[in-house]
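Below is one structure; the comments refer to it alone.
The values are calculated or read from the model by the stated rules, or taken from the named source; none is laboratory data. These numbers come from a predicted model, not from an experiment. Backbone-built Cβ (ideal geometry, glycine too); neighbour counts: all protein chains shown. In case anyone asks, the SASA skips ligands and DNA or RNA and just uses the protein heavy atoms, side chains included. Shrake-Rupley method; radii C 1.70, N 1.55, O 1.52, S 1.80 Å.
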Amino acid sequence: MVNRRVICGAKTRKGTPCRAKSEPGRKRCRFHGGKSTGPRTPKGVARIAEAQRLRWARWRAERAAPE
């Protein structure tokens with residue numbers, strides 16, 4: 001398989017196709033292909049960490065509940 005970079009073509013908020021090149025070997029660009037970098041600031045990292053703690057606490061509580 002060739003790692004070609006094609007035009008993304010995803011619909012933008014303006015309604016026109018995205019003209020950015022895709023990631024190598026993929027069909028969508030980095031903006032429309034889900035290439036997230038995660039939180040960048042210490043405040044963002046803390047916010048995501050707290051959200052994950054709450055999420056897993058909820059998941060454990062649901063699993064521990066008798067059916």
query = Give me the pairs: first residue in segment 1-30 and of a type in the set (Val, Ile, Thr), second residue open to solvent by less than 40 Å² (accessible area, probe 1.4 Å), beta-carbon distance under 8 Å, and six or more apart or on different chains, which are they?
reply = Val6/Ser22; Ile7/Cys18; Ile7/Ala20; Ile7/Ser22; Thr12/Cys18
inquiry  = Checking Ala51 against (1) more than 14 Å from the chain's Cα centre (by Cα); (2) at pLDDT below 95: exactly one of these is not met. Which one?
reply    = (2)
ask   = Could you give every pair whose Cβ atoms fall below 7 Å, whose first residue belongs to segment 43-67 and is aliphatic (A, V, I, L, M), and whose second residue is at pLDDT below 95 and not in a helix (DSSP H, G or I), counting only separations of at least 6 or pairs across chains?
value = Val45/Pro39; Ile48/Pro39
Any hit, segment 12-35, residues being assigned to a helix (DSSP H, G or I) and not hydroxyl-bearing (Ser, Thr, Tyr) = no
request  = Give the residue that is nearest to Gly9 (Cα to Cα), with candidates limited to residues of segment 20-67 that are open to solvent by 100 Å² or more (accessible area, probe 1.4 Å) and among the acidic types (Asp, Glu).
outcome  = Glu62
